[in-house]
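Reading through the structure tokens given below for one structure.
Every number in this text was worked out from the coordinates using simple rules, so none of it is lab data. It should be emphasised that the depicted structure is a prediction, and the values quoted were computed from it without experimental measurement. Glycine gets a Cβ as well: all are built from the backbone with ideal geometry, and neighbour counts include every protein chain shown.
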Amino acid sequence: MCGIVGYVGENQAAPILLDGLSKLEYRGYDSAGIAIYDGEKIEMQKVMGRLKVLEEQTHGGQTMPGTLGIGHTRWATHGCPSDTNAHPHFNKEHTIVVVHNGIIENYGKLKHKLVQKGYQFLSETDTEVLVHLLTEYYKGDPISAIEQVMRRVEGSYALGIMFLDHPHHIYAARKDSPLIVGESSMGNLIASDVPAVLKYTRSVFYMENEEIACLSKENIRFYNIDGDELKKESSVIEWDIDAAEKGGYEHFMLKEIYEQPKSVRDTINPRLKDDNVVIEELGMSDDEIRGVKKITIVACGSAYHAGMTGKYVLEGMARIPVEVDLASEFRYRNPIYEEGTLAVIISQSGETADSLAALREAKKHGVRVLGIVNVVGSSIAREADNVMYTWAGPEISVATTKAYSAQIAALYLLALKFAKVRETVTQEEFLTLKNDLEQLPEQIETLLGLKEKIQRFANRYLAANHMFFIGRGVDYAIALEGSLKLKEISYVHSEAYAAGELKHGTISLIEDGTLVVAVATQERLYPKSISNIVEVKTRGAFVMAVTNFGHKEIEKTADYVIYIPKTSSYFTNSLAIIPLQLFGYYVSLGKGLDVDKPRNLAKSVTVE
Ligand code: AGP
């Protein structure tokens, strides 16, 4: 996810763009740049690093005079953070310049065609395809050129565009990535999100998919992809600045919980092509995939819990032995490395010291390492032999949600790829699993509607001191993550247990009213799950069950039931975790705690 801004009016544009970008840094902060029309030509400055590097380089924008410009703060997806990969991107003649937020899913094919036509690419980004395509189609009419580009590209985009021979206008286009247009007496603006324009106006237009905007200092025109002019109604923003940075949500964590449909969709879609799973960045031939004898997953915290899910899914689907290790244990237990092992290091930040050390330990013993990482260009991403990015965008809240969901989505894809290559699933099973995978974002969306119901239930447990989460198989992995979410933001002690293990000691802790969250999404294990619920019920527990639509008989045993939509038993983690994330969030909120910055924790644990 990135942040884009644009301005056209009477005032100097550069300071306005820099100010707007500073309000969007939560969307991405590995590099930034601005392009300004100075009366003759389009000047551009862009640099790797936080926005303040660009501010210093341009003396707060003073070195770039002009009243019209666009800007960008980047969260790298394609191409590591660097000056060259930073936006904006020029065409060769410097007559067209573009900033982009989103993912062009067919950029590889388009880039190949453009290179064959003689276009030279300077960056590794998908975005640069757009500026050369615009050059290809531009015959003097910006709207027409933009329409033609929109018809060619697949994926998501929010675009800011300038054409040198239209020096009094900036253009914008949108599909799936957010984009607003602000109208004000000091000029007109475009931005990825409200915070960037609130200082100048509360009157905004929300662009819809496949709409184009043309802004001058006097007016704003909208068009559809067929070039028809549109009449749009403006909205008045009621938020205050602080709320606006969180997109109107009270906390980044809630915002990021709500971004999960997108983070899962952005991680899955570019890798499901026609009837296949395409993970080019895996860097492994089918023979190499067939040659993998064992997978060792190593991670910390929630990434470790994602790895636990990966174990069940990879072993179940691809019939390949999988070990899951805590990185802090792996790096010191002198593990035995077998021929044909693939190490998978999972990390949102890509900077976790234990996980990075585990990666280096594995590589030292000649083990091939795949990183599953969210931050492009991070240490783990750079040092792994290959990296499969989770395109969740920057995650601000210390408690991970959308990155975790993207990690398990990446593991599903890996399992599906291995299963197809190793022929451990029939073509029919593969297509059913692929279809279930594609449904997940929408199913997550429906579960977000449980917000109020979960909040009411959570408010009954604000005074609780102990809770238990239990589950079997994949449900155990879900219980682990649900328990951690609660602990780390609400400070309520909880334990996650393999449901069948509770009776071997810990069940002595169950007393009247103890809340036990029972995750029961594995149909073939329903009877066992029910008997575990009965075990704790007879000792006084209050049981909240999370199970599949249709499994109504559980209501005879559990006290409170949350139903999740039907999906493959491999993928239920992506759905069952939503109510558990919301539960942890609302317990913390109800206790008046700092949800986004819990005590004692850091977003990235870069120390041992
Ligand atoms: C997750 O909610 C926690 N904040 C923490 O367990 C985190 O998952 C762990 O520190 C690993 O971080 P990483 O994914 O950046 O490596």
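Brief remarks on what is shown
- Relative contact order of the range 62-220, pairs being alpha-carbon contacts under 8 Å that are 6 or more residues apart, as %: 20 percent
- Converting phi to 3J(HN,Hα) with the Karplus coefficients 6.51, -1.76 and 1.60 and the offset θ = phi - 60°, the range 360-365 yields 5, 4, 5, 5, 4, 9 Hz in sequence order, with x at every glycine or proline.
- Cross-link pairs exceeding 25 Å between alpha carbons, from the set 294/566; 294/363; 199/453; 262/293; 111/139; 311/417: 294/566; 199/453; 262/293.
- 28 Å Cα-Cα threshold exceeded, pairs from 451/487; 255/552; 46/231; 23/232; 451/603; 113/246: 255/552; 46/231; 113/246
- Along each principal axis, taking the top coordinate minus the bottom one, the Cα set of the range 112-164 gives 25, 24, 20 Å in descending order.
- Karplus 3J(HN,Hα) series, Hz, for the range 188-193 with 6.51 cos²θ - 1.76 cosθ + 1.60 (x for Gly, Pro): 10, 9, 10, 6, 5, 7
- One way to sum up the overall shape of the range 426-530 is the equivalent ellipsoid from its Cα gyration tensor, whose semi-axes run 29, 20, 11 Å, largest first.
- Amide H contacts of residue 344 (H built 1.01 Å from N, under 5 Å, at least 5 apart or other chain): 296, 297, 298, 370
- Length gained on full extension, residue 84 to residue 186, computed as 0.36 nm times the residue gap minus the Cα-Cα distance: 33.5 nm.
- Residue exposure sequence - 214, 80 - by fewest surrounding Cβ within 10 Å: 80, 214
- Value of Rg to Rh for the range 20-101 (Rh from inverse mean 1/r over Cα pairs, i.e. Kirkwood): 0.94
- Across every direction, the projection of the convex hull enclosing the Cα atoms of the range 283-403 has a mean area of 7.1 nm².
- Using only the C-alpha atoms, the convex hull of the range 509-600 corresponds to 124 Å³ per residue.
- Inter-label distance, residue 53 to residue 538: 6.4 nm, where each label sits 7 Å from its Cα along the C-beta direction.
- Part-to-part distance (alpha-carbon centres) for the range 148-174 and the range 79-126, which is given in Å: 13 Å
- Exposed loop sites here mean chymotrypsin sites (Phe, Trp or Tyr not before Pro) with a DSSP loop assignment and at most 12 other beta-carbon atoms within 10 Å; the chain contains its longest site-free run at 1-331.
- Checking every one of the GluC sites (Glu not before Pro) in the range 499-578 against DSSP loop status and a limit of 14 other Cβ atoms within 10 Å picks out 501, 511.
- Segment residue 203-residue 230, length gained on full extension (0.36 nm per residue, minus Cα span): 8.0 nm
- Total formal charge among the other residues, if their Cβ is under 11 angstrom from that of residue 411, Lys/Arg +1 and Asp/Glu -1: +2
- Dividing the summed -39500 (n - 2.57) terms of all DSSP H runs of n ≥ 4 by the residue count of the chain sets its mean residue ellipticity at 222 nm at -10500 deg cm²/dmol.
- The alpha carbons of the range 146-237 give a radius of gyration and a Dmax of 12.6, 36 Å, in that order.
- Förster-model FRET efficiency, 35 Å R0, residue 273 and residue 601, C-beta, rounded to 0.05: 0.35
- Between the helical axis of 573-590 and the longest alpha-carbon principal axis of the chain there is an angle of about 80 degrees.
- Qualifying GluC sites (Glu not before Pro) in the range 248-320, where qualification requires a DSSP coil assignment and no more than 15 other C-beta atoms within 10 Å, comprise 250.
- Cα-based equivalent ellipsoid of the range 166-206: semi-axis lengths in Å, sorted from largest, via gyration tensor: 16, 15, 7
- The separation of the range 359-434 from the range 516-574, counted between C-alpha centres, amounts to 29 Å.
- Between residue 553 and residue 294, the modelled labels are 4.0 nm apart [label points 7 Å from Cα along Cα→Cβ].
- Calculated on C-alpha atoms, the gyration radius of the range 194-333 divided by its Kirkwood radius gives an Rg/Rh of 1.16.
- Taking the square roots of five times each eigenvalue of the Cα gyration tensor of the chain, the equivalent ellipsoid has semi-axes of 44, 28, 22 Å, listed largest first.
- Put in line by how crowded their Cβ is, counting other Cβ atoms within 10 Å and starting with the fewest, 341, 514 read 514, 341.
- For the range 305-327 versus the range 223-291, the gap between their alpha-carbon centres in whole angstrom: 26 Å
- Per-residue 3J(HN,Hα) values for the range 146-163, derived from phi via the Karplus relation 6.51 cos²θ - 1.76 cosθ + 1.60 with θ = phi - 60°, read 5, 4, 5, 5, 4, 6, 8, 8, 10, x, 10, 7, 10, 10, x, 9, 10, 10 Hz in sequence order (x marks Gly and Pro).
- Simple spin-label estimate for residue 456 and residue 115 gives 5.8 nm between the two label positions (7 Å along the Cα-to-Cβ direction from each Cα).
- Loop sites in the range 183-291: trypsin sites (Lys or Arg not before Pro), DSSP, at most 11 other Cβ within 10 Å: 231
- Ordered by the number of other Cβ atoms lying within 10 Å of each residue's own Cβ, fewest first, 165, 126, 19 fall into the sequence 165, 19, 126.
- Relative contact order, whole percent, for the chain stands at 11, derived from Cα pairs under 8 Å and 6 or more residues apart.
- Kirkwood hydrodynamic radius of the range 360-481, from the reciprocal of the average inverse Cα-Cα distance over all distinct pairs: 17.8 Å.
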